[in-house]
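The values are calculated or read from the model by the stated rules, or taken from the named source; none is laboratory data. The structure presented is a predicted model; accordingly, all values stated were derived computationally and were not measured. A quick note on method: Cβ atoms are made from the backbone with ideal geometry, for glycine too, and the neighbour counts reach across all protein chains shown. Quick note on the areas: whole protein, heavy atoms, side chains included, nothing else; ligands and nucleic acids left out. Shrake-Rupley method; radii C 1.70, N 1.55, O 1.52, S 1.80 Å.
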Amino acid sequence: AIATAASSLDQGTGAATQASQVEDGTAEYIPDPEIGREVFVQTCATCHGFQAQGLPHNGAALRTSPFVAGQTDKDLVAFIRAGRRAKDPSNKSGVAMPPSGNNPSLSDARLADVVAYLRQVQEEQKAEATTESTPVTSEAK
């Protein structure tokens, strides 16, 4: 299943080979943020927004989430797999997050891809914030 998904998303540039090696235990899977973006758009964007910016009365903003930033990749995969109840004391939105984003067919490898995408999105957000807070100077001659 991993090899099929990776092959269809990556079209033969190595992810299918890597995925088949992971399945037979000869290699460790290296998460792919581009595959993660595609999974995120298909599974998570309905609540979290297409840019992971969060949507009012739905999913939290993940671009700037201290929770996401503070978790290890492994712990974040486990969190996404388990979901979060609406009444969980740590749930700030009061909206439940279904296990695996309500897509139980997602493998741990696909969830790791989503985590890699979220890491990339958070880095982009940091870069944007740095750029926006840097004063523009002009050199008049």
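Heavy-atom accessible surface of the range 31-75, averaged per residue, reaches 57 Å², computed with a 1.4 Å probe. Sequence-ordered 3J(HN,Hα) estimates for the range 39-52 from the Karplus curve with 6.51, -1.76 and 1.60 and θ = phi - 60° stand at 5, 4, 4, 6, 10, 10, 5, 4, 9, 9, x, 5, 10, 6 Hz, glycine and proline given as x.
Counted by Cβ distance under 13 Å from residue 40, the other residues give a net charge of 0, where Lys and Arg count +1 and Asp and Glu count -1.
Between residue 123 and residue 87, the FRET efficiency from the beta-carbon distance, with R0 = 25 Å, is close to 0.15.
Express the Stokes-Einstein translational diffusion coefficient of the range 57-101 in µm² s⁻¹, to the nearest whole number, given a Kirkwood radius over alpha-carbon pairs, 37 °C and a viscosity of 0.692 mPa s.
301 µm²/s
Sum up the charges of everything whose Cβ sits under 12 Å from the Cβ of residue 98, counting Lys and Arg as +1 and Asp and Glu as -1, but leave residue 98 out. Could the numbers behind the result be given before it?
Details: positive: 81, 84, 85; negative: none.
Net charge in that neighbourhood comes out at +3.
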